[in-house]
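One structure below.
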Amino acid sequence: MAPLFLATLPFGWYKTSSMEIRFYNTLSRSKERFEPLTPPKVTMYVCGVTAYDESHLGHARAAVVFDVLYRFLKYLGYEVHYVRNYTDIDDKIIRRAQEEGTSARELAERYIRSYQEDMAALKVLRPTYEPRATEHIPQIIALIERLLEKGFAYVVEGDVYFSVEKFPEYGKLSGRNLEEMRAGARISVSEKKRHPLDFALWKAEKPGEPSWESPWGRGRPGWHIECSAMAMHYLGETIDIHGGGIDLIFPHHENEIAQSEAATGKPFVRYWLHNGMVTVQREKMSKSLGNFVTIKQMLARHHPEALRLFLLSMHYRSPLDYSEKVVSDHERALEGFYETLYLLRKLKPVADSPPKKHEKALREAREAFSSFEERFLKALADDLNTARAIGELFGLEKILNGILKLCGRFPSSAHLEVAREGENTTRKLAGELLGILEEDPEAFIETRRETALERRGLSRDEIEGLIAEREKARREKDFPRADSIREHLAQKGIELRDTPWGTFWKVV
């Protein structure tokens with residue numbers, strides 16, 4: 001059933017008017033039909049990084065998952081207002097800056113720039129807004145004042161705390177009551193707090209720390225209040241989607257709900273989406289455990305699209321276990337897809353029409369290509385099921401490889417017409433929505449060759465000379481010599497693939 005608002009929109013605005021979009025809402029613990037508050041506008045907020053160190057693969061997963069959601073909603077025609085913030089003032093930032101003998105501002109700026117470089121390399125689109133906490137101190141102070149006026153907060157010696165007992169619905173996101181959270185949460189207990197789970201909205205100034213003027217004296221904002229203030233400033237008091245890692249449900253997102261809804265009396269977020277963690281041997285990847293791999297380290301070893309493919313290979317709510325082998329397997333799968341596209345580009349028609357026995361296969365391929373967009377989008381509409389969407393994508397690769405086999409030595413214009421249709425559909429959806437298969441196949445293959453040759457210390461001229469010698473031997477039916485050259489190249493890590501237009505080679 002299509003969302004009811006579609007009937008009021010201009011014809012053609014919504015690309016998939018018959019498609020229902022459903023997301024798993026952490027708040028309701030169920031899949032719900034997605035209906036924006038004020039269509040076609042969609043408001044979306046995702047918690048960004050705390051800028052005190054290089055970002056790791058866990059940060060990359062959250063960024064790429066919500067990048068696909070952003071792309072998907074835009075593709076459908078929604079007007080998406082997307083905010084991803086930077087926490088640029090925090091205990092960790094201050095501590096690291098003191099250790100390095102620099103300012104918190106300089107440290108945060110360094111790691112924000114580094115994160116932006118990582119996102120650009122991973123082909124993550126820039127959000128509509130990328131606010132920083134320190135640029136929104138007036139909004140933060142104004143929100144704290146509202147909470148004090150309504151009796152949800154209190155001041156103690158320049159600190160301001162939110163009183164969780166004053167908000168009866170506290171715990172509705174995580175599904176725990178106050179006593180359970182008191183027992184299970186690792187939260188520092190201060191004598192200033194009326195309840196152990198009360199959290200800081202404003203922290204009084206300490207010697208050597210950055211601070212700002214406020215009605216309660218100089219100080220700085222707490223972590224949780226930053227996101228509420230920035231989300232409401234850019235998106236309004238009720239937003240459609242709020243995303244982040246599952247580790248943020250408590251206390252961060254729980255506290256965002258409490259302070260936001262206490263201040264406004266309105267629902268803060270309509271759909272809460274949380275991605276699962278990246279794990280290493282089933283243990284959460286984190287800086288505190290020292291088992292993390294930075295995005296830059298991964299980009300030095302793998303193609304950015306291979307990382308995106310790996311990060312999207314499991315449903316976003318499931319844990320994603322990292323190993324170099326698994327990432328390399330996805331890289332080989334990506335490279336194989338580019339090889340298929342590369343080989344299709346090399347084919348030249350030598351006949352106008354295909355043999356009669358090929359007509360059924362080509363017709364079925366065309367039907368598969370024409371229905372691919374619907375199948376692909378339905379996968380994403382079902383709680384952003386990228387794993388299923390990728391399965392559909394590689395199903396099309398099999399069909400494209402089947403067309404290559406059909407072509408044989410005598411490809412027809414009909415073969416190539418169907419192949420081009422499949423390639424264009426595949427690359428358009430994979431590129432626009434998943435951020436993969438965007439590169440020119442020939443440029444991709446050539447770059448991969450050059451990188452692999454340099455890494456192995458191999459000579460391109462020598463390899464291509466041996467391939468030419470082998471092709472000459474094959475023409476002269478000197479098959480023992482041709483086989484000997486193939487074996488010699490295989491020992492050097494060169495894999496050959498004979499095609500109707502010549503020999504394709506790569507370093508494996």
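Read the figures in this text as sums done on the coordinates, not as results from a lab. This one's a predicted model, so the numbers in the text were calculated from it and none came from an experiment. Here the Cβ positions follow ideal geometry from the backbone for every residue, glycine too, while neighbour counts run over all protein chains shown.
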Place a point 7 Å from Cα of LYS492 in the direction of its Cβ. Which residues in segment 421-454 have their backbone N less than 13 Å from it?
453-454
Percent RCO, i.e. relative contact order, over segment 458-507, from Cα pairs under 8 Å lying at least 6 residues apart
24
Estimated FRET transfer efficiency (GLU364, PHE504; beta-carbon r; R0 25 Å; 0.05)
0.40
At a Cα cut-off below 19 Å, give the lysines reachable from LYS166, other chains included and same-chain residues fewer than 8 away excluded.
LYS150, LYS192, LYS193, LYS266
Going by amide H atoms built from the backbone, whose H comes under 5 Å of the H on SER163, apart from near neighbours?
ALA153, TYR154
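Taking other Cβ within 10 Å of each residue's Cβ, how do GLU283, GLU209 sort, fewest first?
On the way: GLU283 12, GLU209 17.
Ascending Cβ contact count within 10 Å gives the list GLU283, GLU209.
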J(HN,Hα) series, segment 304-313, from Karplus relation 6.51 cos²θ - 1.76 cosθ + 1.60, nearest Hz, glycine and proline x:
x, 5, 5, 5, 4, 4, 5, 5, 9, 6
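For the chain, what does the helix formula give at 222 nm: sum of -39500 (n - 2.57) over DSSP H segments with n ≥ 4, over the residue count, nearest 500 deg cm²/dmol?
Details: 16 runs with 236 residues, N = 508.
The per-residue figure over the chain is -15000 deg cm²/dmol.
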So which of LYS172/LYS203; LYS74/LYS284; LYS325/LYS506; LYS348/LYS506; LYS378/LYS398; LYS31/LYS296 end up more than 29 Å apart, counting from Cα to Cα?
LYS74/LYS284; LYS31/LYS296
Give the distance, in whole Å, between the Cα centre of segment 354-385 and the Cα centre of segment 75-140.
41
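Near LEU453, within a Cβ-to-Cβ distance under 12 Å, what is the net charge of the other residues, with Lys and Arg +1 and Asp and Glu -1?
Working: positive: ARG448, ARG449, ARG455, ARG456, ARG460, LYS492, LYS506; negative: GLU446, GLU450, GLU454, ASP461, GLU462, GLU464.
For residues surrounding LEU453, the net value is +1.
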Relative to the longest principal axis of the chain, what angle (0 to 90°, nearest 10) does the C-alpha long axis of helix 57-75 take?
80
Classify the chain from the C-alpha gyration tensor, please: rounded if a/c falls under 1.5, else prolate or oblate depending on whether a/b exceeds b/c.
prolate
Cβ density ranking, 10 Å radius, fewest first, applied to ILE94, ILE249 yields ILE249, ILE94
Quick check: the angle from helix 460-475's long axis to the longest principal axis of the chain, C-alpha only, nearest 10 degrees?
40
In whole Å, what is the distance between the alpha-carbon centres of segment 213-280 and segment 411-478?
48
Calc'd 3J(HN,Hα), segment 289-302, phi into Karplus 6.51 cos²θ - 1.76 cosθ + 1.60 (θ = phi - 60°), Hz, glycine/Pro = x, comes to 8, x, 10, 9, 10, 6, 4, 5, 4, 5, 5, 6, 10, 9
I'd like the orientation of helix 137-149 relative to the chain: the angle between its Cα long axis and the longest Cα principal axis, in ° from 0 to 90, rounded to 10.
50
Run the quick spin-label model on GLU100 and ASP440: label points 7 Å from Cα toward the beta carbon, then report their separation in nm to one decimal.
3.9
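If each residue's Cβ is checked for other Cβ atoms within 10 Å, how do LYS378, LYS266 rank with the fewest at the top? Don't jump to the answer; show the numbers that get you there.
On the way: LYS378 18, LYS266 11.
With the sparsest Cβ surroundings first, the list reads LYS266, LYS378.
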